[in-house]
Every structure is written in structure tokens, then in C-alpha cells.
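Since the structure comes first, as C-alpha cells, the remarks are kept for the end.
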Ligand SMILES: [Zn+2]
């Protein structure tokens, strides 16, 4: 998902939606649904089904320009230029290994492998303070 126009920091750029499912139900929904799912609580996920919404295509970056407010709002953490890809760090939402993957975001901060334990990393904790999904912010406090 790319910015059409310049977006000022603090702007809500998307809201995620879908059906609330647990990890067993998510597993049963298959790979195509799982890779677009968003974790919103301990063992709870928002799973959307085709046709996917543009918010379902927001990619991960290890040096993102967006963060999470509440559990489902994607908000620009800094000014975004027109044409820039909108992205967030999945460490802001994920604490389950349902979506562990090798990262190729290409940023200087790339962790190379993104896992469900990344939210615990001390350097991310500081960098993303205020941008974690509510359930992770609660765990970190
Ligand atoms: Zn990366």
C-alpha cells in the first residue's frame, strides 16, 4: 500500500477488519487468510477473507513509517512522502509464531528473521513505545 499524497505524522491511514478467530480457527482458514491476519490479543486474530481489503496488504518493515493505535488502527508515526510505501513492524502486533518469516525489507535496521517474540526486544520496546497494539502495551507495562 503506497501513499498517494504526502501524509502528516499522526494521520490514521487504515483500519483493519475481519472476523475474530483463535489460533486453531486461523490455522484451519489456510495460508492465504493467515498471511493477511492481524493479531489483536492473546490467541485472538482478525482474519479477513477474499476479496482482501487494501489494509490487508500493508507490509512489514523493520524501520516502518506507521504504528498501531488501539488494536486495529494504522497511524503514520512520522511524515510520509507521496509515493512512499506504508508499512508497520509486525512486532507491534504479533506475539504468536503464526507468521514467522525471513525479512527482506532492506532497511539498515532489518532483523532478517521476524518472529512472534520480537515485541520483547529491548531496542524495539523503546523505539515503538506508544505504537504497540493495546494487548502488547499492557504486557509491556
Ligand atoms: Zn526487515
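Here is a yes/no grid of residues against (1) more than 16 Å from the ligand (Cβ to nearest atom); (2) buried (at least 20 other Cβ atoms within 10 Å of the Cβ); (3) more than 23 Å from residue 2 (Cα to Cα):
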{"position": "66", "(1), (2), (3)": "no, yes, no"}
{"position": "70", "(1), (2), (3)": "yes, no, no"}
{"position": "74", "(1), (2), (3)": "yes, yes, no"}
{"position": "81", "(1), (2), (3)": "yes, no, no"}
{"position": "90", "(1), (2), (3)": "no, yes, no"}
{"position": "116", "(1), (2), (3)": "no, no, yes"}
{"position": "122", "(1), (2), (3)": "yes, no, yes"}
{"position": "126", "(1), (2), (3)": "yes, no, yes"}
Going through segment 92-106 in order, the residues found to be outside any loop (DSSP other than H, G, I, E, B), modelled with pLDDT of 95 or more and within 14 Å of the chain's Cα centre (by Cα) are 92
(Q) Kindly evaluate residue 109 against the criterion of being assigned to a helix (DSSP H, G or I) and either surrounded by fewer than 19 Cβ atoms within 10 Å (Cβ to Cβ) or over 15 Å from the mean Cα position of the chain (by Cα) (or both). (A) no
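Consider residue 53 carefully, then state whether it is within 16 Å of the ligand (Cβ to nearest atom) and free of Cβ contacts under 8 Å to residues at least 60 places away in the same chain.
It is false that residue 53 is within 16 Å of the ligand (Cβ to nearest atom) and free of Cβ contacts under 8 Å to residues at least 60 places away in the same chain.
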Only unsatisfied item for residue 107, checking (1) under 21 Å from residue 17 (Cα atoms); (2) out of contact with any helix residue (DSSP H, G or I) (no Cβ under 6 Å at 6 or more places or on another chain), is (1)
(1) at positive phi; (2) away from the ligand (no atom under 16 Å from the Cβ) all hold for residue 106 apart from (2)
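The values are calculated or read from the model by the stated rules, or taken from the named source; none is laboratory data. Note that this is a predicted model, so its numbers are computed, not measured. A quick note on method: Cβ atoms are made from the backbone with ideal geometry, for glycine too, and the neighbour counts reach across all protein chains shown.
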